[in-house]
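Written out below as structure tokens is the structure these notes cover.
The values are calculated or read from the model by the stated rules, or taken from the named source; none is laboratory data. As the structure is a computational prediction, the values presented were derived from the model and not from experiment. Glycine also receives a Cβ, built like all others from the backbone with ideal geometry; neighbour counts cover every protein chain displayed.
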């Protein structure tokens, strides 16, 4: 069964608002096992909306429209959809009474155009709106189903979850489940090459790769008669991906971010953390601090933008800065060691680099970043050459620092464990 | 002249990501005076993408597609669009060289599928990608223009602003100009009320308000035969807004962010800055450090998440922490004073609060944040009660800290100046 989404509103065409209903409805429909091939945004215009709805009805089983149900003259989704579906609009008394009550409760008088909202397509299933005055409607036709929903997310979401989701669930017998394998420290095209055979041979489950800054996510999606059966199809593929990417996979949980995976490692091993940042200027700490409960392990950090600050707060030697410069392997190493020592932490990460747009030279170009990580006295330094604008370089450096921290902690503990045996 | 937007990506149809490119491109195109009647989201599927592109070319002058230009097998936007437009794909040597350099700089080997990105439609105008490997392309046809852009916003946005915007501006004879009046420290509904009469009576120019975290932007837009005529229409409205919002307007320049306005004030007055952050964990510094040239005034910062760190790095008194707690007016004040003293700066900002989800009490609920700012020995502390999740509370605190810094610096200098007279 296929679903098609139509979003009605000139404000979307003008870019005045971001279409968050798009992702919301799409995700909900996918979870219900409805296949979706098109979404359209169209303005509050009868002719173009009619054309869009007719096209959608011609190729999809269910068409969901959102927006344009309000009381103003601009709002013509219901009128247009009813016309396309050959339905007359009739006064719906319970809705009229609800609108009367809505205004009375607020000590207000409804204006004439509020009654427009109580005119509903004959024979339609009315979807009560508990968070506004415009009800939604389901029209069941010979060639498909049309569902009209209000545009404001705080009206659309509860209406969808209370009334539309159960309605659609009854129509479909299939469910779609997915699992995301999250990889750090492997480039997108390398990751793609590593799973090319799986993509070429995919059926059910399907697999798809998504690039994020410093990360690649591989989504495995299966459809089946129930969640259990879908997960049974997904599991072997996730296992295969685990065998290929090994330790580069930091999580297969939807809610686990890279920074959370690092925080979890620190908490599990009771390691305190300190960050020493130059070009990232607090971004690394800020990402880590966004993990709830981080206060257990993250105690302090410093942003040492100037050379003086690197010396004062981290004990970087004057000679090191003079001989190798602030952006160097040696400075990064001393920053990380100094952070553990002076900020009294078990683990530290230090970042120093040239984020641009100025400050680059032929020898040390914009994008050159050194990242060091100390774990209980063992320090690793890596050189990176990132591209992009100032913000992109800094974001890439933060992801690389998190990846390096994760790697160093894992390595330290695997060695300790093996050493003891 | 009409424009139509097509967003390619199965992840959009599955609802895995929100289509932020939609609002971005729509707003940019509207500002260029291009009329837009349809946007479509379609998956990485040759047949459906061809159908969508043909429909768009049949009814719009310019079709912009974003997404699906990457190196993987899924990415077939370029191949499909070239076929629909009757163009062969040929190896573009400069792009090939750029990809070679990109990988060489990183000490990596390109994989075979990377070369796919250098195959471009014959006769197309190549749009260099400075933030990734996939270039964009403009194809000029008899019946219209097709523009292919990469999907990741950090690649699409700079490419659009550097190359596509000037290209499109040359095509349209009517120009649309806009000026954004940027306001901090005034809530959205208050701002809205303050300009309601202007919105109700608007013609050419139009005015629209946009709420950002801790900021409100009012966009004044006029269309005219040339830029000069448009600006003549805009100026009186901007003047009116300035008289209503006064000092709460931090800029009317497109490229000036709130953090840049603070950085500019610091640089102009030769004031060095230090930040002391608890719940924001580096976010405030990170925003300031994203301003190029900040190193002139920003020397260092500390993230003092634990009480111990607040004492060690900022000299907050043990008694203060015991009596009033870490989240208190008194602690914030001592943090700011300590930051100036111990980090040797003229100006400091300190943030301490409860970002949640845990840690709140009836007396000190989640969202309670104290922000202090010291300017040459004069310290101001403000209490805030923010709502939203952990990230939103932290972002609100950062905006409020920047607003407070701006206010305190302005106040200090107006007093100094007036005092001397």
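Filter region A:357-394 down to the residues that are touching a helix residue (DSSP H, G or I) at 6+ places or on another chain (Cβ under 7 Å) and assigned to a helix (DSSP H, G or I), then identify the one that is modelled with the lowest pLDDT.
A:392
Collect the residues in region B:302-319 that are surrounded by fewer than 19 Cβ atoms within 10 Å (Cβ to Cβ), in contact with a helix residue (DSSP H, G or I) (Cβ under 8 Å, 6 or more places away or on another chain) and not in a loop (DSSP other than H, G, I, E, B), keeping them in residue-number order.
Those that are surrounded by fewer than 19 Cβ atoms within 10 Å (Cβ to Cβ), in contact with a helix residue (DSSP H, G or I) (Cβ under 8 Å, 6 or more places away or on another chain) and not in a loop (DSSP other than H, G, I, E, B): B:307, B:311, B:318.
Just to be sure before I move on: is residue A:336 modelled with pLDDT of 95 or more and within 14 Å of chain B (Cβ to nearest Cβ) in the structure I sent?
No: the conditions fail for residue A:336.
Quick test for you: out of B:80, B:72, pick the one residue that is away from every other protein chain (no Cβ under 13 Å), buried (at least 19 other Cβ atoms within 10 Å of the Cβ) and over 26 Å from residue B:169 (Cα atoms).
Result of the check over B:80, B:72: B:80.
Only one of these is facing chain B (nearest Cβ under 10 Å), touching a residue at least 40 places away in the same chain (Cβ under 8 Å) and either assigned to a loop (DSSP other than H, G, I, E, B) or farther than 30 Å from residue B:391 by Cα (or both): A:299, A:344. Name it.
A:344
From (1) out of contact with any helix residue (DSSP H, G or I) (no Cβ under 9 Å at 6 or more places or on another chain); (2) more than 26 Å from residue B:23 (Cα to Cα), pick out the condition that doesn't hold for residue A:110.
For residue A:110, the failing item is (1).
Under 7 Å between Cβ atoms, which residue pairs at least 6 apart in sequence (or on different chains) link something in region B:34-57 that is in contact (Cβ under 8 Å) with a residue 60 or more places away in the chain and at the interface with chain A (Cβ under 7 Å from one of its Cβ atoms) with a partner that is in a strand (DSSP E or B) and surrounded by fewer than 23 Cβ atoms within 10 Å (Cβ to Cβ)?
none
Return the residues of region B:277-295 that are more than 8 Å from chain A (Cβ to nearest Cβ) and out of contact with any helix residue (DSSP H, G or I) (no Cβ under 6 Å at 6 or more places or on another chain); say none if nothing qualifies.
The one that is more than 8 Å from chain A (Cβ to nearest Cβ) and out of contact with any helix residue (DSSP H, G or I) (no Cβ under 6 Å at 6 or more places or on another chain): B:278.
Suppose the filter is crowded, with 23+ Cβ neighbours inside 10 Å and not assigned by TED's automatic domain parsing to the domain that holds residue B:376; does residue B:262 pass it?
No, not satisfied.
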